[in-house]
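The values are calculated or read from the model by the stated rules, or taken from the named source; none is laboratory data. These figures come from a predicted structure and were not determined experimentally. We place every Cβ from the backbone using ideal geometry, glycine too, and count neighbours over all the protein chains shown. Just so you know, the surface numbers come from the protein's heavy atoms only, side chains and all, with ligands and any DNA or RNA stripped out. Shrake-Rupley method; radii C 1.70, N 1.55, O 1.52, S 1.80 Å.
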Amino acid sequence: MSEAICNTVDDVCQLLPQRPPILMLDSFEYIDDRTCRGTVELTKGMVFADEDGTAAQEAVLEHIAQCAAAFMGYRRRMKGEEVVLGFIGDIKRCTFMNLELHVGDRIESELQTVSEVGSVLMVSATARLDNGQTVSRCTMKLASA
């Protein structure tokens, strides 16, 4: 069962420095110390959406990175610490399924902690569309300032 859900832009923005049009996280759910989920609906005006309504695969990576950053930020806040900037250190084993993304698609990502050393967190992520189709899988390393 999840401990906390941030389901408004204001809630999410307390955990991230990003703001629209680069914000790629609409809701965040802290499951436990090792797992979280995040969602985003691709909308017109987002940096990764073209005028014809298609969205770049990079949108998924940015969504996963922001979900991981929110995970790190939420855990810091639970400890009474300040939420700080985070940085992508590495992306490995990244696979994109051959799906075309469009404005209006809703992506849900689930992240699992692989390892954590100091301020460096490695997560395994799977991103899916609402219909359950897997969009991407990757391992991402993030570090906080």
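Report the net charge of residues surrounding residue 47, where surrounding means a beta-carbon distance below 10 angstrom and charges are Lys +1, Arg +1, Asp -1, Glu -1. Walk me through the numbers before you get to the answer.
Details: positive: none; negative: 58, 62.
Taking every other residue near residue 47 into account, the sum is -2.
If each residue of separation counts as 0.36 nm, what is the full-extension length gain between residue 131 and residue 77 once their alpha-carbon separation is subtracted?
Working: separation 54, 0.36 × 54 = 19.44 nm, distance 3.29 nm.
Extending this stretch completely gives an extra 16.1 nm.
Within 10 Å of each candidate Cβ there may be at most 12 other Cβ atoms; applying that plus a DSSP loop requirement, which trypsin sites (Lys or Arg not before Pro) in the stretch 46-145 survive? Kindly include the intermediate steps, with their values, before the conclusion.
Numbers: sites: 75, 76, 77, 79, 92, 93, 106, 128, 137, 141; in loops: 79.
Listed in order of number, the matching sites are 79.
Determine the gain in length on full extension of the stretch residue 32-residue 145; use 0.36 nm per residue of separation and subtract their C-alpha separation, reporting nm with one decimal. Present the calculation step by step, with values, prior to reporting the outcome.
On the way: separation 113, 0.36 × 113 = 40.68 nm, distance 2.27 nm.
In short, 38.4 nm is gained.
So what's the net charge close to residue 99: Lys and Arg +1, Asp and Glu -1, counting the other residues with Cβ under 11 Å from its Cβ? Don't skip to the end; give the middle numbers.
Numbers: positive: 128; negative: 100, 105.
Here the count lands on -1.
Run the numbers for residue 14 and residue 114: contour at 0.36 nm per residue of separation, minus the present Cα-Cα distance, in nm. Write down the numbers at each step before the final one.
Details: separation 100, 0.36 × 100 = 36.00 nm, distance 2.49 nm.
Full-extension gain reported as 33.5 nm.
So with the 1.4 Å probe, I'd like the accessible area per residue for the stretch 45-145, rounded to whole Å². Walk me through the numbers on the way to the answer.
On the way: 5190 Å² over 101 residues.
Ligands and nucleic acids excluded, the figure is 51 Å² per residue.
From the list (1) 122; (2) 101; (3) 151, can you say which value of volume of the Cα convex hull per residue in Å³ was derived from the structure given?
Matching the structure shown: (2).
Ranking request for peptides 108-114, 41-47, 68-74: highest mean number of other beta-carbon atoms within 10 Å first, then the rest in descending order. Mind showing how you got there, number by number?
Values: 108-114: 18.7, 41-47: 14.7, 68-74: 24.3.
Taking the mean over residues of other Cβ atoms within 10 Å, the ranking is 68-74, 108-114, 41-47.
Count charges around residue 108 for me, please; just the other residues with Cβ under 9 Å from its Cβ, Lys/Arg as +1, Asp/Glu as -1.
Numbers: positive: 37, 106, 128; negative: 110, 130.
Net local charge, residue 108 excluded: +1.
With an 8 Å Cα cut-off and a minimum separation of 6 or more residues, compute the relative contact order for the chain in percent.
Values: 306 pairs, mean separation 34.2, N = 145.
For the chain, the relative contact order is 24 percent.
Could you work out [θ]222 nm for the chain from helices alone, using -39500 (n - 2.57) per DSSP H run of at least four and dividing by all its residues? Round to the nearest 500 deg cm²/dmol.
Working: 2 runs with 26 residues, N = 145.
Mean residue ellipticity at 222 nm (helix-derived): -5500 deg cm²/dmol.
How about the stretch 49-88: which GluC sites (Glu not before Pro) there lie in a loop by DSSP and see at most 13 other Cβ atoms within 10 Å? Can you show the working numbers first?
Working: sites: 51, 58, 62, 81, 82; in loops: 51, 81, 82.
Sites meeting the loop and neighbour criteria: 51, 81, 82.
What ratio of Cα Rg to 2.2 N^0.38 Å holds for the stretch 15-66?
After normalising by residue count via 2.2 N^0.38 Å, the value is 1.20.
Out of the total accessible area of the stretch 1-137 (probe 1.4 Å, heavy atoms of protein only), what percent is carbon and sulfur? Mind dumping the intermediate values first?
On the way: 3460 of 7300 Å².
That share works out to 47 percent.
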